[in-house]
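Peer 1: Dropping the structure in here first, questions after.
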Amino acid sequence: MRIDIITVLPELLKSPFEASILKRAIEAGHVEVYFHNLRDYTTDNYKSVDDYQFGGGAGMVMMVEPIDKCISGLKAERDYDEVIYMTPDGETLNQSIANQLSLKGNIIILCGHYKGVDQRVRDHFVTKEISIGDYVLSGGELGAAVLCDAVIRLIPGVLGNETSALTDSFQDDMLAPPIYTRPRDYKGWKVPDVLFSGNFPEIEKWREEQAYQRTKERRPDLLDD
Ligand code: ADE
C-alpha cells in the first residue's frame, strides 16, 4: 500500500510514523508513506495556500490551484484508489471503513486547514470525506494520523500475531472482553478462575459473554442490527 499525505504542516504529522507499529510496517515494506508540503506547489512569492472567502465571512479558504498541482502531479505518476479529504463534516471513521481502506493499493489523504478547502477541490478531486469524530480540530493532520494508524495496523502481515486484529474491539460490532496477565493475584485482586481452567471452549464462551455484556452496557447502539 502507498499513502500520499498532502499537508501544510508535515512536521505535525511525521512523528507517529517514526515509532512503534507504523514505523515497523514502513520498514518491513508493508506500506510506503510520503508527505507533500502544499507550499511547494504554490505559485507566488509568499507561498500562499489560502485566501479570503468569496461572499465574505470569517476564516480563510484553502485555494484550489496548489491542491490541483499536487494531486494532478501524483495522479500523473500512478493510479489512486481514493482521494480522501479529512474534514469534520465527512463520514465518521469506524472499523468497517478502516478495514475497507486497508485493502486499497494507493491512496491520497488531503488535510484541511483554516475553514477548509475550496468546494471545487471536493467536487473534482475528492472521492471520500472522513471525520474522526464530532469535534473540530485545528487541521486535518491529527485526523490523518489517526486514520493511518487504524488502517496500517490492519494491512496483512503488519501485526505480529496475525489473529490479533480479529479480536480487536469493533471487529464483529462488539467491544473486546476484559484481559489479564501476571500476577494471578495482585493485592487480593484476582483474575477470574475460568482463565486457568485449561478448557478452551469454556474460556471462549466466557469471553463472548463478557464482550456481549460490555457492549450492552457501554455501546448498546452496536447491537442494534
Ligand atoms: N479536521 C478538523 N476537524 C476534523 C475532524 N473531526 N476529523 C477529521 N478532520 C478534521
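Peer 1: Yes or no: the stretch 155-173 includes at least one residue that is loosely packed, with under 10 Cβ neighbours inside 10 Å, out of contact with any Ser or Thr (no Cβ under 9 Å at 6 or more places or on another chain), at positive phi and not acidic (Asp, Glu).
Peer 2: Scanning the stretch 155-173 turns up no residue that is loosely packed, with under 10 Cβ neighbours inside 10 Å, out of contact with any Ser or Thr (no Cβ under 9 Å at 6 or more places or on another chain), at positive phi and not acidic (Asp, Glu).
Peer 1: Within the group 117, 191, which residue is in the same structural domain as residue 65 (by TED's automatic domain parsing) and modelled with pLDDT of 95 or more?
Peer 2: That would be 117, the only listed residue that is in the same structural domain as residue 65 (by TED's automatic domain parsing) and modelled with pLDDT of 95 or more.
Peer 1: Separate question: Anything in the stretch 80-95 that is within 12 Å of the ligand (Cβ to nearest atom) and open to solvent by 50 Å² or more (accessible area, probe 1.4 Å)? List them, or say none.
Peer 2: From the stretch 80-95, those within 12 Å of the ligand (Cβ to nearest atom) are 84-93; that's our starting set.
Hits for the stretch 80-95 are 88, 89, 91, 92.
Peer 1: State which residue pairs qualify: first residue over 15 Å from residue 222 (Cα atoms) and inside the stretch 90-101, second residue small (Gly, Ala, Ser) in any location, beta carbons under 8 Å apart, and separation of 6 or more residues or different chains.
Peer 2: 90/131; 91/131; 98/150
Peer 1: Does residue 142 qualify as being part of a loop (DSSP other than H, G, I, E, B), within 9 Å of the ligand (Cβ to nearest atom), in the same structural domain as residue 8 (by TED's automatic domain parsing) and at pLDDT 95 or above?
Peer 2: no
Peer 1: Tell me which residues, restricted to the stretch 22-55, are surrounded by 14 or more Cβ atoms within 10 Å (Cβ to Cβ) and assigned to a helix (DSSP H, G or I).
Peer 2: Listed by number, the residues that qualify are 22, 24, 25, 26, 38, 39, 41.
Peer 1: Got a sec? Which of 98, 150 is more than 10 Å from the ligand (Cβ to nearest atom) and open to solvent by 10 Å² or more (accessible area, probe 1.4 Å)? It would help to see each step written out before you state the result.
Peer 2: Working: 98 fails: open to solvent by 10 Å² or more (accessible area, probe 1.4 Å).
Sole residue among the options that is more than 10 Å from the ligand (Cβ to nearest atom) and open to solvent by 10 Å² or more (accessible area, probe 1.4 Å): 150.
The values are calculated or read from the model by the stated rules, or taken from the named source; none is laboratory data. These numbers were taken from a predicted model, which means no experiment stands behind them. Reconstructed Cβ throughout: ideal geometry from the backbone, glycine too, with neighbour counts over all protein chains shown. These accessible areas exclude ligands, DNA and RNA; they are computed on the full protein's heavy atoms, side chains included. Shrake-Rupley method; radii C 1.70, N 1.55, O 1.52, S 1.80 Å.
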